[in-house]
Amino acid sequence: AVALNHVHLSSTPTKDLTLIAGYHRPFFGLEELTSDLYTPMMERASFSQGFGFERRLGLSATYATKSVVAQAGLFTDDAVAVNDSTGKSWSASSRFVFMPKIGDAQLHFGVSANLRDLNGSTATVRYRARPFLRTTDLRLIDTKSFLASRELGIGAEAAFIQGPFHATAESHWLNVRRPGFADPTFNGGYAEVGYILTGDDTAYKGSLYDRIKPRKPLGQGGLGAVQLNLRYDWLDLNDAGIVGGSQRTAGVALIWIPIEYVRFVANYGHIWVRDSAESIAGDRDYSADAFGLRAQLDF
């Protein structure tokens with residue numbers, strides 16, 4: 001089967017304003033909007049997967065200057081769901097980022113808000129996440145399916161970038177309305193530091209991380225760029241009578257970029273799980289380890 005992934009039309013009526021119509025990402029936050037070609041780990045944070053962040057069909061506008069980015073849009077579900085006679089949800093998405101520079105240091109402060117109405121009535125929702133890497137189909141935390149009428153997500157993001165160093169933190173709260181029951185609020189986030197050991201600059205552009213370009217590529221007097229990233233990641237799906245479990249991960253990534261469009265990534269994560277959906281010898285509180293390698297070429 002063929003599925004649409006990222007198909008849209010864009011227009012720039014002024015140098016600061018971009019309009020987009022089509023299948024693209026709502027404005028969930030810094031890492032979710034950063035291309036997965038440039039993310040500091042093999043996979044995005046667990047809350048991105050756990051809360052079901054995905055591209056949707058919609059209309060959006062982005063206003064961007066050197067120090068401010070403001071984004072807003074209206075979305076429905078994916079292109080297949082639009083033609084579903086049962087009807088699907090609609091959502092409103094917004095993000096605001098202030099990104100001043102102090103000397104040669106880049107600062108980043110952002111907030112986002114996403115409201116999703118599940119077709120004005122109730123729909124089945126489910127929140128779950130794989131352990132650190134997505135190479136397995138196993139989900140250690142899982143709320144299972146329940147009925148809901150609305151989702152409200154609030155996100156906060158901050159970053160500091162200076163030369164080869166960066167530090168980033170994000171957190172996202174998802175409140176789910178359950179008619180007739182208490183409304184749970186789930187939370188996830190991460191805190192990360194990273195350093196390019198070869199001294200190359202961390203790439204940041206327009207409120208997002210960008211492609212790292214080695215100053216001395218392999219074969220041209222150097223070895224390329226080598227980056228080390230450390231991350232603490234968490235996702236808690238327990239609240240208001242819903243016991244989906246919690247997952248916390250200490251992760252490390254070593255990235256080698258021999259030339260501009262090639263990356264080799266090694267990831268290791270140690271995971272602590274509580275109230276897991278998958279028991280081991282009857283125990284739902286345990287730890288696990290994940291290791292992954294990726295060779296990446298884009299053009």
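The values are calculated or read from the model by the stated rules, or taken from the named source; none is laboratory data. In this text, all values refer to a predicted model and were calculated from it rather than measured experimentally. Methodologically, a virtual Cβ is constructed for each residue, glycine included, from the backbone with ideal geometry; neighbour enumeration extends over all protein chains shown. Side chains included, ligands, DNA and RNA excluded: accessible areas come from the protein's heavy atoms. Shrake-Rupley method; radii C 1.70, N 1.55, O 1.52, S 1.80 Å.
Would you tally the residues in the range 108-166 being assigned to a loop (DSSP other than H, G, I, E, B) and of a type in the set (Phe, Trp, Tyr)?
Filtering the range 108-166 for residues assigned to a loop (DSSP other than H, G, I, E, B) gives 118-122, 126-127, 130-140, 143-145, 149, 163-164.
From what's left, of a type in the set (Phe, Trp, Tyr): 127, 132.
Here the count works out to 2.
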Exercise. Within the set of pairs 6+ apart or on separate chains, which have a first residue in the range 177-188 that is more than 15 Å from Leu118 (Cβ to Cβ), a second that is aromatic (Phe, Trp, Tyr) and surrounded by fewer than 18 Cβ atoms within 10 Å (Cβ to Cβ), and C-beta atoms under 7 Å apart?
Worked result: Thr185/Trp173; Asn187/Trp173
For this session: Would you tally the residues in the range 44-75 being in contact with a helix residue (DSSP H, G or I) (Cβ under 6 Å, 6 or more places away or on another chain), open to solvent by less than 40 Å² (accessible area, probe 1.4 Å) and either closer than 17 Å to His6 by Cα or at pLDDT below 95 (or both)?
Result: 1
Exercise. Could you count how many residues in the range 263-293 are surrounded by fewer than 17 Cβ atoms within 10 Å (Cβ to Cβ), hydrophobic (A, V, I, L, M, F, W, C) and either within 22 Å of the chain's Cα centre (by Cα) or closer than 22 Å to Asp233 by Cα (or both)?
Worked result: 5
Problem set entry | the range 137-170, residues that are under 23 Å from Glu192 (Cβ atoms) and among the acidic types (Asp, Glu) | Glu157, Glu170
For this session: Considering (1) surrounded by 13 or more Cβ atoms within 10 Å (Cβ to Cβ); (2) modelled with pLDDT under 95; (3) closer than 30 Å to Ala295 by Cα, say which one Gly87 fails and leave the rest.
Result: (3)
Problem set entry | Of residues in the range 152-189 being of a type in the set (Phe, Trp, Tyr) and surrounded by fewer than 21 Cβ atoms within 10 Å (Cβ to Cβ), the one nearest to the chain's Cα centre (by Cα) | Trp173
